[in-house]
């Protein structure tokens with residue numbers, strides 16, 4: 001995932017980061033940069049609204065290597081709950097379903 005700017009193994013508390021959002025014609029690009037001691041890591045994604053299926057699609061990486069459905073709902077206290085749905089690997093122009101565990 002490090003090579004595709006979407007996943008990394010580093011962990012920690014109080015890690016400085018930036019988020020850069022860019023509006024696109026068909027969605028929003030989310031570019032997150034994390035500054036670990038001695039390493040910079042990225043987590044980039046594009047969210048698009050699929051009007052036909054009434055769902056949000058979240059494409060991870062540059063280029064996109066993972067696709068996840070997102071379901072949004074309001075919680076009883078007024079918060080936003082985001083739940084992942086179906087997921088696919090995007091390899092060689094193909095959309096390969098990831099089985100639910």
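Scanning segment 67-79 for residues that are at pLDDT 95 or above and either closer than 23 Å to residue 99 by Cα or under 18 Å from the mean Cα position of the chain (by Cα) (or both) gives 67, 68, 69.
Of the residues making up segment 35-61, those that are crowded, with 16+ Cβ neighbours inside 10 Å and assigned to a loop (DSSP other than H, G, I, E, B) number 1. Among the residues that make up segment 53-62, is at least one of them touching a strand residue (DSSP E or B) at 6+ places or on another chain (Cβ under 8 Å) and more than 20 Å from residue 19 (Cα to Cα)? Looking for residues that are touching a strand residue (DSSP E or B) at 6+ places or on another chain (Cβ under 8 Å) and more than 20 Å from residue 19 (Cα to Cα), one finds at least one in segment 53-62, hence yes.
Restricting attention to segment 1-31, which residues are farther than 17 Å from residue 63 by Cβ and in a strand (DSSP E or B)? Within segment 1-31, 17, 18, 19, 20, 21, 23, 28 meet the criteria.
Within segment 25-36, the residues that satisfy the criterion of being closer than 12 Å to residue 48 by Cβ and in contact with a strand residue (DSSP E or B) (Cβ under 7 Å, 6 or more places away or on another chain) are 26, 27, 28, 29, 30.
The values are calculated or read from the model by the stated rules, or taken from the named source; none is laboratory data. Being a predicted model, the structure only gives us computed values, none of them experimental. Cβ atoms come from the backbone with ideal geometry, glycine included; neighbour counts cover every protein chain shown.
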